[in-house]
Each structure stands twice: as structure tokens, then as C-alpha cells.
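The values are calculated or read from the model by the stated rules, or taken from the named source; none is laboratory data. The shown structure was predicted, so the numbers you read here are calculated from the model rather than taken from an experiment. All Cβ positions, even for glycine, are placed from backbone atoms using ideal geometry, and neighbour counts span all protein chains on display.
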Amino acid sequence: MRRRVYWLLPDLASARATMDDLLLAGVDVHQMHFMARDDCDMSGLHAASLLQTTDLVRSAEAGLVIGAALGGMLGVVLATLHPAADGAPQWSLVPMLVTVGALVDAWTASMIGISVPNKELERFAAPIAQGRILLMLDVPVWRVREIEARLQELHPEARRQQGEEGVPAFR
């Protein structure tokens, strides 16, 4: 299991040096996600993707659950209102409509979520607008203290930020 750790770095030089030090510590580059202003040259850094910067995943998860529930309710209604030729409800409609509802609503909700900023990152909007670089680092739980100590030692200019406690890094 991985934990997401947030660090605010003062500038690009610090971000690049931090990335190099993390690579030397054995952290995979794909577990580092840097986020900066749109006008910032992020070349050489592993920039955060839409999965990290938008509410795509949370929206898709919510759509999946809501769509499955609505599909199930619609399936029950249709199964009872339109029975088979022998008068028995068509219960086979329920799992089919649960699946269709889940998939359609997950897709629809993800299209909305891709345009909504990640709520966890809203608190970093002001520092990023001022030119700071946000590092989202996904590290195994057992290495969190080691990596934090290394960054504090090598990069005193960096500031660790509180993340969502107890929430693993899936994105």
C-alpha cells in the first residue's frame, strides 16, 4: 500500500534537484507527480496527469455506484411491469440494467469529473499561483518516514504538507 505525501518546493531548480535525489533513493519516477502553473516549464519533471489533478476517479466511482443503483431500480420496475408470456417477472433484466446503468453513469460522471479540479489540491492553488511547485509523492507506507527524513535533510527549502490521513494513494 502506498501513501501520498505532499511537498511544496520553492522553484524549478529545487524541484529538479528533489527529483534527482528521490531517484537516487530508489523512488520510481512514475510515483512522483509535479504540479505547477501553466506557464511553468516542466521539462525534465514527471508532471501530474489528469488522474492526479482532476476529480476524474472520484466522479467515475460515484457514477458507477449511482448508475448501478438506478439501473437496479429500473430493472425491478421493468421486470414487474413487463412480465414474460407466462406472467412471471423478467428478473434477468435486473443484472443487465445494473451493469448498463453502472457503465453509462460511470462514463458520464467521469466526463464531468475530468473538468473539475481535484478537491484535495484546492488548498495548494495559492502557492502554485505564486510560482511554487507541488510534489505529490506516492511511496510505500513503510518508506514514508525514510523519504521524509531524506527530503528534510537534503532540501530544507521544501515544506511538507499534510495529506489525507489514512487514505492510500491509488491515483
Among (1) among the aliphatic types (A, V, I, L, M); (2) in contact with a Leu (Cβ under 8 Å, 6 or more places away or on another chain); (3) part of a strand (DSSP E or B), which single condition is Val139 missing?
(2)
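Being assigned by TED's automatic domain parsing to the domain that holds Trp142, in a helix (DSSP H, G or I) and surrounded by 14 or more Cβ atoms within 10 Å (Cβ to Cβ) is true for just one of Leu45, Leu22. Which residue is that?
On the way: Leu45 fails: in a helix (DSSP H, G or I).
Exactly one residue qualifies, and that residue is Leu22.
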What's the number of the only condition in (1) under 25 Å from the mean Cα position of the chain (by Cα); (2) of a type in the set (Asp, Glu); (3) more than 24 Å from Val29 (Cα to Cα) that Glu120 fails to meet?
(3)
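Go through Gln52, Gln130 for me and flag whichever is under 30 Å from Pro10 (Cβ atoms), of a type outside the set (Val, Ile, Thr) and touching a residue at least 60 places away in the same chain (Cβ under 8 Å). Spell out how you get there, then give the answer.
On the way: Gln130 fails: touching a residue at least 60 places away in the same chain (Cβ under 8 Å).
Just a single option satisfies the conditions, and that option is Gln52.
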Which numbered condition Arg37 misses (of (1) touching a Leu at 6+ places or on another chain (Cβ under 8 Å); (2) part of a loop (DSSP other than H, G, I, E, B); (3) not small (Gly, Ala, Ser))
(1)
